[in-house]
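Working notes for the structure below.
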Amino acid sequence: MARGETEKSIGQAAQQQEPEDMPRCAVDEEAALVLVSEGKAIPGRVVELSAGGCRMVLEEKLPRGERAAVEASFRLRGIAFRLSGLTERTSDSGTVDVSFGPMSARRRGDLLEVLCEVQADLAARGSEAAGAAPPMIAALAPGAAGDGM
């Protein structure tokens, strides 16, 4: 399968996996983004995570406007993840949105379990603060309220 066809199929699978109303959780963990075509790993941090993708802040900027096949690597709650996907949006500040490609049921279950734990912790912290809402980032439809994934 040609590179463009592979990236298209990964993107379509990612869109089918995650409903648009799936919540995204604010996280802050060390991460790396591997550019598959180059085999180059760029260090950074994962700052937002959902079952269908993540937002990363990288130490190096990626070219804008190009979708690239990538692997996002990070550790959350002691579980290491290395998830393939596509870059969806890049910014001049080094922020990149990644939509995850298809993953095994077991890997998806691990990710969902960790997301549930993070959500529970965020909700608990939010209820402890007087009148403060949990620090959760609502899923945004593309183009809604700024630059959602």
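The values are calculated or read from the model by the stated rules, or taken from the named source; none is laboratory data. In this text the structure is predicted, and so the values were computed from the model without any measurement. Cβ placement follows ideal geometry from the backbone for every residue including glycine, while neighbour counts extend to all protein chains displayed. Note: areas computed on protein heavy atoms with side chains; ligands, DNA, RNA excluded. Shrake-Rupley method; radii C 1.70, N 1.55, O 1.52, S 1.80 Å.
Quick notes
- Taking the numbered list (1) over 12 Å from LEU49 (Cα atoms); (2) out of contact with any strand residue (DSSP E or B) (no Cβ under 8 Å at 6 or more places or on another chain); (3) at pLDDT 90 or above in turn, ALA124 passes all entries but (3).
- Meets criteria (open to solvent by less than 60 Å² (accessible area, probe 1.4 Å) and modelled with pLDDT of 95 or more) for GLY53: yes
- Flag if GLU66 is open to solvent by 70 Å² or more (accessible area, probe 1.4 Å), in contact (Cβ under 8 Å) with a residue 12 or more places away in the chain and not in a loop (DSSP other than H, G, I, E, B): no
- Restricting attention to the stretch 69-83, the residues being open to solvent by less than 50 Å² (accessible area, probe 1.4 Å) and β-branched (Val, Ile, Thr) number 1.
- With respect to being of a type outside the set (D, E, K, R), closer than 27 Å to GLY126 by Cβ and without any contact (Cβ under 8 Å) to a residue 40 or more places away in the chain, PHE100 falls outside the description.
- Selected residue (criterion: farthest from MET56 (Cα to Cα)) from residues of the stretch 84-100 that are open to solvent by 10 Å² or more (accessible area, probe 1.4 Å) and in a strand (DSSP E or B): SER84
- Residue satisfying all of: in the stretch 30-50; out of contact with any Asp or Glu (no Cβ under 8 Å at 6 or more places or on another chain) and within 18 Å of VAL118 (Cβ to Cβ); surrounded by the fewest Cβ atoms within 10 Å (Cβ to Cβ) among these: GLU30
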